Amino acid sequence: AFETSLRRSAGMSGYDEGGVYVNDMGAPMDEEDGDSRNASRIKYREFIRTYRDEQRGTFIYREQLLAHYNAGEYYLDINLDHLLAYDSRLTNALMASPGVHLALFEKAATEAAELIAVSSEARSSDIPAIQILLSASKSPSTIREMLSSQVSRLVHIPGIITQAGKPQPKVTVATAVCRNCRHHLRIANRQGLSNIPLPRVCRAPRTEGDNSERCQLDSYQVLPEESDFVDQQRLKLQEAPETVPTGDMPRTLKLIVDRHLVGKVTPGQRVTVTGVFTVISSKPQEGNGRGKNGAADALSIREPYLRVVG
C-alpha cells in the first residue's frame, strides 16, 4: 500500500492536461479470452477470502477488507509475497500484464467485499469499487534501469518526491449525449493519463428501413453532472543522491496516483513506489517538434511515467 509500501527513511515520514493524446496502458483485455479472465478473477477473489496467516491463525485480507469497509475506506493492501505463495502463476501473470490483471483483482475484491458484508451483516448495498494497493519485498530497480523491456510491467522504484501537484478530478465513466438526437452513451475511461475517447459517429440504434438523416460527425458532448470522477494527483520522483553515478545528474520520473493514494506524500520524502511503467504519446506545441510528416512525427514523441499502485 502507499502508506506502507512507500517506505520512508528514518525520521521522514480534472481532466488530464491537453497535451496528452494517446495512452498505452499495457496489454489489451482481448489478449486473454473471457474464460481465462473469469478464472483469474475467481482465483483473486478466493485468495482474498481464504488466505490465512498460519502463525496467527487469521484470514488477513478478509479481516482487513471488512475493517476498511466498515470504516468507509475502500481499498485493500496486498503483499505480493503472499500471492506468490498462494499461486505463483497468477502472480507472474499480474507482474507481466498488470493492465489486465489489476482490473480483474479490483473486481474480485469488490465481489469479496459484497460476500463478506452479507456474511457479517454489514451494509452491503452500493459497494464502491475496491482499490488494490500492492507491496513486495522484491529488490527495487532504479529510474535509469527503466528501459523498453519494462514498459507495461509492474516495477518497484525507490527515490525522493520532489514535486506534488494539486489533486484534480479524473473522469472514470463519462456520460455523453448526442447534440442532434439526444442519444446517451456511457463511456469508460482508462486509468493513468488518458482522455475520454468520444465516438465520432452517433451510435443511436437505427431500425431497418429508417431513412432519416444521420447525425453529423463529432456530435457527442460530455455531461459532467452525470459522469463519474475520482481524485488524481501528479508527483515527480527523483533518484536518491547515493544511487546517482559520479558526475551524472539525477534522473526524474513522473508519477500518477489516484483515489486512496492522493495526498499521501509531500516533497522531500523518500519512498519506494510500486506501479505500472508506461509511456504516453504527447502532441508537441505548434511550431515545435514538427517535421516534414506533420502529425505523424508527434507519435514518435514518447514520455514515460509510472501509474502508482502501491
If we keep only residues of segment 223-272 that are in a strand (DSSP E or B) and in contact with an Asp or Glu (Cβ under 6 Å, 6 or more places away or on another chain), then the residue surrounded by the fewest Cβ atoms within 10 Å (Cβ to Cβ) is Val230
**Message:** Can you confirm whether Arg182 is of a type in the set (D, E, K, R), part of a loop (DSSP other than H, G, I, E, B) and under 25 Å from the mean Cα position of the chain (by Cα)?
**Reply:** no
Requested in this report: Test Val177 against the criterion of being over 16 Å from the mean Cα position of the chain (by Cα) and in a strand (DSSP E or B), and give yes or no.
Outcome: yes
The number of residues in segment 143-169 that are polar (S, T, N, Q), modelled with pLDDT under 90, surrounded by 13 or more Cβ atoms within 10 Å (Cβ to Cβ) and on the phi < 0 side of the Ramachandran plot is 1
Picked from segment 204-222 (must be surrounded by 13 or more Cβ atoms within 10 Å (Cβ to Cβ) and in a loop (DSSP other than H, G, I, E, B)), the residue farthest from the chain's Cα centre (by Cα) is Arg214
The residue that is surrounded by the most Cβ atoms within 10 Å (Cβ to Cβ), considering only those in segment 118-135 that are modelled with pLDDT under 85 and in contact with an Asp or Glu (Cβ under 9 Å, 6 or more places away or on another chain), is Ile127
Thr172 vs (1) of a type in the set (Val, Ile, Thr); (2) open to solvent by 30 Å² or more (accessible area, probe 1.4 Å); (3) farther than 30 Å from Ser148 by Cβ; (4) part of a strand (DSSP E or B): all pass except (3)
Among residues of segment 75-107 being among the acidic types (Asp, Glu) and more than 19 Å from the chain's Cα centre (by Cα), the residue surrounded by the fewest Cβ atoms within 10 Å (Cβ to Cβ) is Asp81
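The values are calculated or read from the model by the stated rules, or taken from the named source; none is laboratory data. Predicted, not measured: the structure shown is a model, and the values here were computed from it. Neighbour counts run over all protein chains shown; Cβ positions are idealised from the backbone, glycine included. With ligands, DNA and RNA removed, areas are computed over all heavy atoms of the protein, side chains included. Shrake-Rupley method; radii C 1.70, N 1.55, O 1.52, S 1.80 Å.
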